[in-house]
């Protein structure tokens with residue numbers, strides 16, 4: 001008997017699951033097997049292909065939340081051989097219209113929760129379908145046998161995912177079938193995920209983290225999926241209710257959960273693994289301790305061109321070691337940056353030479369370009385390399401440390417520095433739950449360091465003691481001490497929990513609300529400028 005090749009596309013993978021009667025989706029009190037779920041997906045694909053204009057790009061938009069309807073739309077796109085475009089549900093007005101039209105969506109799926117977002121939007125050539133409507137139910141009920149739009153190849157686009165838009169208009173990343181399989185299978189093997197596992201999917205399914213580190217893991221292993229809307233207080237009850245053993249995250253969710261009141265039995269739950277990106281060392285350790293699970297944090301761009309993974313001996317502050325080809329380059333000289341050097345306290349001493357941009361020297365990796373945006377694609381692919389826009393430095397053992405985005409450079413008292421190393425230090429303070437460091441203009445020249453802080457639940461930041469804390473951090477240069485500290489209840493963020501620093505910067509050196517504390521250029525004592533005094 002000839003050896004059967006493993007699936008090369010998501011289309012092939014899901015076809016192989018069509019006869020599986022193990023659980024695929026759990027939502028509320030309802031449950032669907034893989035057979036039922038994929039039957040629904042086939043009917044949806046057949047319905048949409050009947051309606052679609054084959055002379056136009058067969059792009060189907062999905063303005064849907066984390067619901068079974070979104071999971072069905074994803075599976076239908078794979079089986080039907082067309083491209084699904086994940087539309088960010090937090091976008092509004094002209095920005096939302098721009099994304100839908102930019103992706104050339106000829107059909108847009110939505111639901112009752114999101115239909116009103118399209119009111120008064122001019123969407124020429126876009127057929128909007130409400131998946132909660134009787135019209136949609138009738139169309140699907142009348143669906144015939146599915147004849148796919150095409151038999152897709154490994155490099156064909158499965159889904160278009162918009163970047164978070166932290167540094168400008170979101171760009172539509174073309175995610176190939178092979179990318180979903182590669183990412184999902186790597187995590188299935190790493191964490192020994194089986195059909196007996198339950199994957200908790202609470203990160204937005206229109207984002208790459210949920211697609212590659214959540215959905216891809218479930219479809220790759222045959223595990224059950226639990227689509228959910230993230231809630232810091234609702235996570236643990238959901239994990240227990242659905243028997244979730246695996247979860248993915250991106251951005252600050254671990255910090256949000258750790259900001260809730262700890263219970264004596266928090267570790268009494270089935271969660272085995274949490275995998276994601278951008279958690280701090282403190283949050284990784286504390287989440288694992290509190291909830292009795294293993295937390296693995298890595299780094300990967302939405303584009304799939306830069307992959308950095310942690311290992312057991314990863315030093316504090318590092319995000320891990322890069323895949324082959326990952327390096328740190330000076331974007332002006334187009335040469336590799338110097339190895340980072342540290343003093344006896346652990347402070348970086350050669351930031352100007354060591355900090356550069358994370359690149360993939362071998363080329364684009366899994367990145368297949370931004371859809372309908374040749375200029376942005378060209379900006380990423382220069383000199384035969386992929387340039388991520390992320391700043392980093394690397395020590396002599398190859399461990400990589402993030403230093404922020406390329407826009408996070410600050411010039412403070414004649415010295416160049418970046419924000420991420422300062423944030424890592426401030427997170428050591430026990431009263432700090434979240435922090436974002438950014439530049440504001442100095443009254444004389446260059447920048448001042450400003451920090452926006454969200455305190456831990458029920459805790460005040462004692463600013464009388466804050467200067468003493470800073471003085472104790474031997475790896476923090478006095479020039480890196482914040483001149484301004486804004487204490488607030490929440491930081492502006494994207495739907496994927498990434499802090500929008502440009503919004504913080506736009507609020508200026510004296511933001512409205514909260515508490516604002518300042519210190520003189522050579523001083524160590526903070527004085528409150530405005531806000532209710534709580535420290």
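Readers should treat all values here as calculations from the given coordinates under stated rules, not as data from a laboratory. Keep in mind it's a predicted model, so treat the numbers as computed, not measured. FYI the Cβ positions are ideal-geometry reconstructions off the backbone, even for glycines, and counts take in every protein chain you see.
Among 249, 370, sorting on how many other beta-carbon atoms sit within 10 Å of each Cβ, with the fewest leading, yields 370, 249.
For the pair residue 261 and residue 154, label points projected 7 Å from Cα toward Cβ lie 5.4 nm apart. Once Rg and the Kirkwood radius are both taken over the C-alpha atoms of the range 410-530, their ratio Rg/Rh works out to 0.92.
Legend: calculated FRET efficiency, residue 4 to residue 31, from the Cβ-Cβ distance at R0 = 35 Å, rounded to 0.05, equals 0.70. With just the Cα atoms defining each centre, how far is the range 397-411 from the range 184-243? Give it in Å. What the calculation gives is 30 Å, centre to centre.
Between residue 383 and residue 92, what is the FRET efficiency for a Förster distance of 56 Å, r being their Cβ-Cβ separation, to the nearest 0.05? FRET efficiency, residue 383 to residue 92: 0.90. Only helices enter this figure: runs of n ≥ 4 DSSP H residues, each worth -39500 (n - 2.57), summed and divided by the residues of the chain, yield -7500 deg cm²/dmol at 222 nm to the nearest 500. Among 162, 275, the order by Cβ neighbours within 10 angstrom, fewest to most, reads 275, 162. What percent does the relative contact order of the chain come to when contacts are Cα pairs within less than 8 Å and at least six residues apart? That works out to 10 percent.
Put in order of Cβ neighbour count within 10 Å, fewest first, the listed residues 266, 343 become 343, 266. Between residue 430 and residue 39, the contour length at 0.36 nm per residue exceeds the Cα-Cα span by 135.7 nm. Between the helical axis of 177-191 and the longest alpha-carbon principal axis of the chain there is an angle of about 70 degrees. The structure-derived value of Cα extents along the principal axes in Å appears in the list (1) 96, 64, 46; (2) 94, 59, 42; (3) 75, 55, 54 under the label (3). Considering only alpha-carbon pairs that sit under 8 angstrom and 6 or more positions apart, the relative contact order computed for the range 317-408 is 32 percent. Centroid-to-centroid, using Cα positions, the range 282-357 and the range 96-155 are 40 Å apart. Potential lengthening of the chain between residue 471 and residue 349 amounts to 42.1 nm, from the contour at 0.36 nm per residue minus the alpha-carbon distance. Using alpha carbons only, the radius of gyration of the range 317-408 set against its Kirkwood radius gives Rg/Rh = 1.00. When DSSP beta bridges are restricted to pairs lying wholly in the chain, around 60% turn out antiparallel. When DSSP beta bridges are restricted to pairs lying wholly in the range 317-408, around 100% turn out antiparallel. Considering all C-alpha pairs of the range 191-279, those separated by over 17 Å amount to 44%. With contacts taken as Cα pairs under 8 Å and at least 6 residues apart, the range 205-282 reaches a relative contact order of 35 percent. Here the ratio of the Cα radius of gyration of the range 10-177 to 2.2 N^0.38 Å is 1.01. Summary of packing: across the peptides 175-181, 519-525, the per-residue average of other C-beta atoms within 10 Å ranks them, highest first, as 175-181, 519-525. Classified by the C-alpha gyration tensor, the range 357-415 has an oblate form. Its axis ratio a/c, with a ≥ b ≥ c, is 1.5 or above, and a/b does not exceed b/c.
Taken along its principal axes, the alpha carbon cloud of the range 336-486 reaches lengths of 52, 36, 35 Å, longest axis first. Of the peptides 357-369, 66-78, the ranking by mean beta-carbon count within 10 Å, highest at the top, reads 66-78, 357-369. Relative to the longest principal axis of the Cα atoms of the chain, helix 34-51 runs at roughly 80 degrees. For the pair residue 521 and residue 334 in one chain, pulling the backbone fully straight at 0.36 nm per residue adds 63.7 nm over the alpha carbon distance. Between 0 and 90 degrees, the angle of helix 93-102 with respect to the longest Cα principal axis of the chain falls at about 60 degrees.
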